[in-house]
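Participant: Can you keep this structure in mind? I'll have questions shortly.
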Amino acid sequence: MSEPLLSLVCSTIGRPAALRQLLASVAASDMAERVEFVLIDQSDDKASTAILDEYPLPGSKIATTSARGLSVGRNVGVAKATAPVLAFPDDNC
């Protein structure tokens, strides 16, 4: 993978269907090879982490945290992101 141009930082908790839809959209985009998808899984069961494995996104990163909240998740994701541009999609967009 070339250096990512865009880091998508997505914090999620307990919305597997919505997360699958978001990941499918990102994987189908023309930019998928240059996108770094940073998933912050705040679920107790960490099921969202397994969902990320279903999609061919070479720059994927996973972070888990027991702390809850959108701002907490985004801060964890920003610390993991490496691309020069950050975006924060909701998993239900």
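Participant: Can we say L5 is open to solvent by 10 Å² or more (accessible area, probe 1.4 Å) and in contact with a helix residue (DSSP H, G or I) (Cβ under 6 Å, 6 or more places away or on another chain)?
Facilitator: The answer is yes for L5.
Participant: When you check L57 against the structure, is it modelled with pLDDT of 90 or more and open to solvent by less than 50 Å² (accessible area, probe 1.4 Å), yes or no?
Facilitator: Against the criterion (modelled with pLDDT of 90 or more and open to solvent by less than 50 Å² (accessible area, probe 1.4 Å)), L57 does not qualify.
Participant: Show me the strands (runs of 3 or more DSSP E) found entirely inside the stretch 1-70 where at least 1 residues are more than 17 Å from F88 (Cβ to Cβ).
Facilitator: Because the criterion is at least 1 residues that are more than 17 Å from F88 (Cβ to Cβ), the strands (runs of 3 or more DSSP E) in the stretch 1-70 that meet it are 61-64.
The values are calculated or read from the model by the stated rules, or taken from the named source; none is laboratory data. None of the values given here were measured: they were computed from a predicted structure. Neighbour counts are summed over all protein chains in view; Cβ atoms, including those assigned to glycine, are modelled from backbone coordinates with ideal geometry. Just so you know, the surface numbers come from the protein's heavy atoms only, side chains and all, with ligands and any DNA or RNA stripped out. Shrake-Rupley method; radii C 1.70, N 1.55, O 1.52, S 1.80 Å.
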